[in-house]
Every structure is written in structure tokens, then in C-alpha cells.
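Scroll down for the structure; my scribbles are underneath it.
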Amino acid sequence: MYNRYAVILAAGQGTRMKSKLYKVLHPVCKKPMVQHVVDQVVKLNVTEVVTIIGHGAEQVKAQLGDSSKYALQEEQLGTAHAVMQAEETLGKKEGITIVVCGDTPLIKHETMEALFKYHEESSAKATVLTARTENPFGYGRVIRNENGHVEKIVEHKDATEKEREIEEINTGTYCFDNKALFDALKRVGNDNVQGEYYLPDVIEILKKDGAPIAAYQTADFEETLGVNDRVALSQAEAIMRKRINESHMRNGVTIIDPANTYIGPDVLIGNDTIIYPGSIISGVCSIGSQCTIGPNSEIENCRVGSNTTIRHSAAFDSEIGSDVQIGPFAHIRPKSQIHGHVKIGNFVEVKKAVFGEGSKASHLSYIGDAEVGSDVNIGCGTITVNYDGKNKYLTKIEDGVFVGCNSNLVAPVTIGKNAYIAAGSTITEDVPGDALSIARARQVNKENYVEKLNKKK
Ligand code: UD1
Ligand code: CA
């Protein structure tokens with residue numbers, strides 16, 4: 001077994017995107033393109049991953065973190081020049097190096113694994129991953145000789161009319177014998193239409209050295225789509241969306257309208273869960289079995305149990321248990337922990353709050369910075385007054401408490417176990433367990449008031 005290395009090209013500006021955001025950071029199914037690539041590459045058993053950064057270097061680093069090493073390409077002089085920047089880290093290593101572009105977000109690790117295998121078995125010094133497409137515009141074309149062996153790759157802009165008719169394209173992914181790669185890179189010139197150092201020129205250089213060169217054609221062009229502009233970005237999004245949704249459906253998830261359901265690549269969903277249209281589930285999420293999600297729910301970075309319903313609602317960075325009812329029109333903000341059998345109803349906003357087993361806030365409430373015990377009933381319109389303009393304070397509502405409608409709980413405050421809060425109260429002091437607390441002006445009825453009023457006229 002050879003050592004395996006990976007180089008990911010991510011230094012370009014991406015001029016054709018016409019964006020302030022660097023190209024490889026544009027998201028596909030809410031995950032930046034380059035992160036898709038790295039997530040696949042790390043599955044390949046590689047000893048080292050080096051990402052070439054330049055434009056937006058700090059942002060790319062912040063995105064990828066320590067899943068990769070980095071090499072800075074200060075000036076973007078072309079893809080060969082980009083790979084050269086990895087020489088310090090990889091140049092002296094024995095092994096096989098895969099090079100992948102950061103703008104091919106759909107590439108699968110299975111395909112790269114197959115490329116590695118093909119490369120190893122053919123004992124080639126370089127193997128290019130190719131694909132066939134009826135619309136090869138913009139891609140480098142693979143030039144084969146009369147025996148079908150790869151001779152070189154010609155960039156679209158440098159290609160003759162005849163060469164442009166070739167439908168086999170360079171996907172931008174390659175395996176190289178590592179030492180042969182760095183040796184050949186030194187000999188790449190920039191005498192071409194774009195005045196750039198082209199990585200694909202390494203193929204022709206090694207070929208002329210007499211080294212064996214191979215090409216591995218993948219059947220699925222879609223997977224190798226290179227995203228250079230927003231049209232391709234939308235195509236990548238559609239392909240990825242279809243791929244993800246189909247895999248969930250094959251696992252037993254019902255998706256009513258897959259064209260209208262947006263699920264990220266790092267989402268797990270149990271079987272017999274039904275997802276209604278207009279739902280967006282993204283980030284790292286897990287959703288149990290037999291849940292009902294949507295229509296129109298947005299769930300990001302949440303863990304959701306089984307048999308839970310989230311309708312017309314949004315939930316972020318939170319844990320939601322089993323047999324929970326959320327919505328319609330509820331908002332679960334970060335760091336909330338909703339235990340089993342809880343109900344969070346219409347127009348209820350929850351932030352950084354724990355809800356114990358079986359508790360309910362069914363209508364029109366704000367519950368933030370709160371610890372709610374189990375079997376608590378929070379009446380319509382209740383508000384935890386958590387903020388004094390400078391600091392946030394905690395509201396504790398112990399097990400079995402009944403909070404009457406339209407109450408304000410001015411934090412910091414604790415409502416003891418099984419206590420009752422009378423409707424319309426503004427609670428500013430702790431309430432002992434089992435007490436009834438009434439904190440509002442006593443009602444005064446002025447008898448025959450209307451009669452007096454009329455006499456005055
Ligand atoms: C490249 C290939 C082309 C192939 C296509 C597949 C070259 C010269 N051409 O073309 O044969 O069909 O990909 O999608 O390689 N980058 C750097 N530094 C640079 C230049 C580019 O890091 O100096 C990075 C970019 O950020 C990008 C990747 O390399 O992620 C590819 O560059 P791009 O300009 O998109 O190349 P293409 O024109 O698409
Ligand atoms: Ca590209």
C-alpha cells in the first residue's frame with residue numbers, strides 16, 4: 001500500500017461568480033463547495049491533505065479548520081503554480097497524490113477511490129479523471145492518440161475548432177506519482193492563451209518523458225461538474241439536492257415534493273418520517289423516525305427525537321425530544337432543550353430554555369433564558385422578562401407550575417414547585433412552592449357609573 005496525499009485547489013478568486021464571496025466558499029445545499037470536497041477527500045485514507053489558499057485565505061482556513069494543512073499561493077498564476085505551493089509539505093514524499101479542484105463540489109469519495117485503484121493497478125505516473133458530456137464548453141479536452149492513449153489535455157481557450165468537438169473532458173481531478181508530479185511541475189510553462197501555468201500540462205510532460213499515463217473515465221459527468229458561475233452553482237445545487245433526497249427516500253423517509261425540500265448533506269433522518277414541502281433542514285442534524293416536518297419548517301443543527309411534529313416553524317442549534325409538538329409558527333432559538341411530550345404552540349418563541357417532560361407553552365409566549373420543569377403549563381401570552389437592557393437573567397419554573405395567561409415573570413425569579421400564578425400577574429419576587437401568587441392591581445367596580453355620566457351631560 002502506498003501513502004496517499006491530497007492537494008485541494010482553492011486559491012482562485014472566481015471572477016466568473018461576480019461575487020464578494022470567494023468562489024470555493026459559495027455554498028451548495030448550505031455547505032461551502034470546498035468543504036464538500038474536503039469531506040469526501042478525508043474519507044480516502046490520505047496521510048495528508050494540503051489545501052492551496054490565496055483569495056480569501058483566512059476565510060477558507062476558518063471554514064476548513066484543522067481538517068487540512070495549508071499552502072499559500074500569493075499570486076494566482078495557474079493550477080500548476082498552485083500545486084507547486086504544496087512542494088514544501090509534500091515534495092519529498094513517496095506515494096500517490098490526488099489533486100482535486102475546490103470548485104467540484106459533487107465529486108464522491110467512491111469515484112476518487114476508484115481513480116486511486118485504477119491508477120495503482122495501471123502503474124501509471126499520472127491518471128486523469130475524465131468524463132463525457134455533450135456540452136463540454138469551457139472544460140479542458142482530453143486528446144487521445146490513434147491507440148486511444150492519452151496524449152495531452154488542451155484547455156478550451158487554447159483548443160482548435162476540431163479539438164473543441166471532443167466530448168471527453170478533464171474533470172480537474174488527477175492521481176500522480178508524487179515525485180514525478182513535483183518534478184514535472186518545474187517544467188510547466190505559461191505559453192498559452194491565458195498566460196497561466198496549467199496543471200494538465202503535466203500529463204504531456206510526463207508522457208514525453210516516456211512515463212505511463214492513464215485516464216479513468218467516470219460514467220457520471222454530473223458528479224464532476226465544475227462550478228465557475230452562478231448558473232453552474234444552481235445546477236450543482238439541484239444535482240446535490242436530488243442526490244440527498246433520493247438517498248433519504250431509499251432509507252424510508254417520505255418526501256412529498258423532493259423538488260421543494262432542501263436537506264443538507266450532514267442530516268440523518270429516521271424511517272417513516274414525512275417531510276412536507278418548503279422545508280429546509282441543514283447543518284448537522286438528526287431527526288428520528290415517524291416525525292412530521294413541515295410544511296415550511298426550517299431546522300438547522302438540531303437533534304430531534306422520534307414521533308415529533310414541527311410545522312411551519314424554525315428551530316436552530318437545539319435539542320428537541322420525542323413526541324413533541326412544535327408550531328405552527330413557533331421559533332426555537334439556539335441552546336434550547338425541549339424534552340419529550342412538550343408542546344410549543346402558535347407564535348411561541350423559545351431561546352436558551354429547557355422545557356421538561358410534558359410541559360406546554362401553547363400560545364403567544366416568549367420564554368428565554370429559562371429552566372422550565374416538567375408538567376408545567378405556561379398560559380397564553382406569558383413572557384419571561386429576561387433582559388434589563390444590559391444583562392440577561394434566568395427564570396426558573398419548577399415542576400407542575402401553572403402560569404396564568406398574560407403573566408410577566410421578571411427575572412431573576414423562581415416559581416416553586418406546583419405553584420399557581422394568577423393571570424395577568426407581573427411577578428418580580430420568588431414564589432414558594434404550592435402557593436398562589438397574584439401580582440396585579442385589585443379590580444374595582446364602580447356601580448352605576450354610566451348613569452352618573454349621563455346625568456352630567
Ligand atoms: C480547470 C482545468 C480544466 C478542467 C476544469 C475542470 C486547468 C488549467 N484547467 O479549468 O482542464 O476541465 O478545471 O473543472 O487546470 N486555482 C488556484 N490557483 C490558481 C488557479 C486556480 O488555486 O492559480 C483553483 C481555483 O480556485 C479552482 C481550481 O483551481 O478551485 C480550478 O481553477 P479554475 O480557474 O476554475 O479552472 P477551470 O478554468 O475551471
Ligand atoms: Ca473550474
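Read the figures in this text as sums done on the coordinates, not as results from a lab. Computed from a predicted model, the values in this text were never measured in an experiment. Quick reminder, even Gly has a Cβ in these numbers, built from the backbone with ideal geometry, and neighbours come from all protein chains shown.
Side notes on the structure shown:
- Taking max minus min of the alpha-carbon positions on each principal axis, the range 52-187 gives extents of 44, 32, 31 Å, largest first.
- The simple spin-label model puts a point 7 Å past each Cα toward its Cβ; for Glu357 and Asn145 those points are separated by 7.6 nm.
- In summary, the lysines within cross-link reach of Lys456, defined as a Cα separation below 30 angstrom excluding same-chain residues under 8 places away, comprise Lys446.
- Calculated on the alpha-carbon coordinates, the convex hull of the range 93-164 measures out at 137 cubic angstrom per residue.
- Cα-derived Rg over Rh, computed across the range 176-266 with Rh taken as Kirkwood radius: 1.19
- Residue order, fewest to most surrounding Cβ atoms within 10 angstrom, among Tyr449, Tyr118: Tyr449, Tyr118
- Restraint check, Lys20/Lys117; Lys93/Lys162; Lys343/Lys417; Lys23/Lys162; Lys335/Lys390; Lys92/Lys117, Cα-Cα greater than 28 Å: Lys20/Lys117; Lys93/Lys162; Lys23/Lys162
- Cleavage-rule hits (GluC sites (Glu not before Pro)) in the range 121-223: DSSP loop, at most 12 neighbouring Cβ within 10 angstrom: Glu134, Glu146, Glu165
- Thr426 versus Glu167: modelled label distance in nm, points set 7 Å from Cα along the beta carbon direction: 7.6
- Fraction of alpha-carbon pairs over 17 Å apart in the range 384-457 - percent: 52
- Net charge of neighbours whose Cβ lies under 11 Å from the Cβ of Thr130, counting Lys and Arg as +1 and Asp and Glu as -1: +1
- Shape descriptor for the range 5-122: Rg over Rh equals 0.95 (Cα atoms; Rh from the Kirkwood inverse mean 1/r).
- With K and R counted +1 and D and E -1, the other residues having a Cβ less than 13 Å from that of Ala435 yield a net charge of -3.
- With R₀ set to 51 Å, the beta-carbon distance separating Leu77 from Met1 gives a calculated FRET efficiency near 0.90.
- Space enclosed by the convex hull of the alpha-carbon atoms of the range 218-285, per residue, Å³: 100
- The slack between Asp191 and Thr160, meaning 0.36 nm per residue of separation minus the straight C-alpha distance, is 9.6 nm.
- Of every Cα-Cα pair in the range 315-457, the percent that sits beyond 22 Å: 38
- Normalised size of the range 263-320, defined as Cα radius of gyration per 2.2 N^0.38 Å with N residues, equals 0.92.
- For trypsin sites (Lys or Arg not before Pro), no site in the range 211-296 is both called loop by DSSP and has at most 14 other Cβ atoms within 10 Å.
- Per-residue HN-Hα couplings for the range 74-81 [Karplus 6.51, -1.76, 1.60; θ = phi - 60°; Hz; x = Gly/Pro]: 5, 10, 8, 9, x, 5, 5, 4
- Here the chain is treated with +1 on each Lys and Arg Cβ and -1 on each Asp and Glu Cβ, and its dipole about the Cα centre works out to around 1980 debye.
- Fewest-first ordering of Arg141, Arg442 by other beta carbons within 10 Å of each residue's beta carbon gives Arg442, Arg141.
- In the chain, a dipole from Cβ-located charges (positive for Lys and Arg, negative for Asp and Glu) runs towards its positive end, and of Thr89, Thr395, Leu185 it is Thr395 whose Cα lies farthest in that direction.
- Relative to the compact-globule estimate of 2.2 N^0.38 Å, the Cα radius of gyration of the chain comes out at 1.35.
- FRET E, pair Val231, Tyr393, Förster distance 45 Å, beta-carbon r, rounded to 0.05: 0.30
- Dipole-positive endmost among Asn45, Met112, Tyr22 within the chain (Cβ charges, Cα centre): Tyr22
- Projected over every direction and averaged, the convex hull enclosing the alpha-carbon atoms of the range 224-359 yields 7.9 nm².
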